Amino acid sequence: MNYPLTFRFKLLAFSPQIYVEDAAGKTVCYVKQKLFRLRENVEVHTDETRQQMHSTITADRIIDWSARYTFRDASGNVIGSMGRRGMRSLWSAHYDVFGTSSTMPLFSIREENPMAKLLDGLLGGLPIIGLFTGLFLHPKYLATRSNGTPVMRLTKEAAFFEGRFLLERLGDIEEGEEMAIILSYLMMNLLERSRG
């Protein structure tokens, strides 16, 4: 994949939409989340025409507290999964990423500066001020292997009228692991946006 990847969120859309583009501006995947679902079921398409399915993300339960989200490719084969750490995620985002058959997490995604996310969430909802928080508050989310080696970092960037994140590759990673982490970041963003 051609890094860095850019995640763009339409802020004024009725239902959440995410565009993921590579360094050349080519769309890698597109998500338009359906509203009013009891259990999360996200369809990831190759572009915004939604003609071709890329993958799906499904939750194992209705309530997302410590839920596990399974990633499947267009053929239905499991790519991996992701789970939010319940109590540990109250102060800062903390997610574990699992492989296709592993019960132990292969990667961990953590918020590097919880205060930036807290201020971004609090001030972002205020009229007028919320338009400018994206210019100076930049939460970062680091994905590391179980031994602490960093592999990817997602950083919020300055943007008007849209959410914009940059995903950088920091270390070596296998193709299957790479897609599991990208889908984990995508789902994490949907979950964190719904929490403010």
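The values are calculated or read from the model by the stated rules, or taken from the named source; none is laboratory data. These numbers come from a predicted model, not from an experiment. We place every Cβ from the backbone using ideal geometry, glycine too, and count neighbours over all the protein chains shown.
Things to note:
- Any hit, the range 91-104, residues being modelled with pLDDT under 90, in a strand (DSSP E or B) and not β-branched (Val, Ile, Thr): yes
- Residue check for Leu166: modelled with pLDDT of 95 or more and either of a type in the set (S, T, N, Q) or closer than 20 Å to Ala93 by Cβ (or both): yes
- Only a single criterion out of (1) surrounded by 13 or more Cβ atoms within 10 Å (Cβ to Cβ); (2) modelled with pLDDT of 80 or more is not satisfied by Ser75, namely (1).
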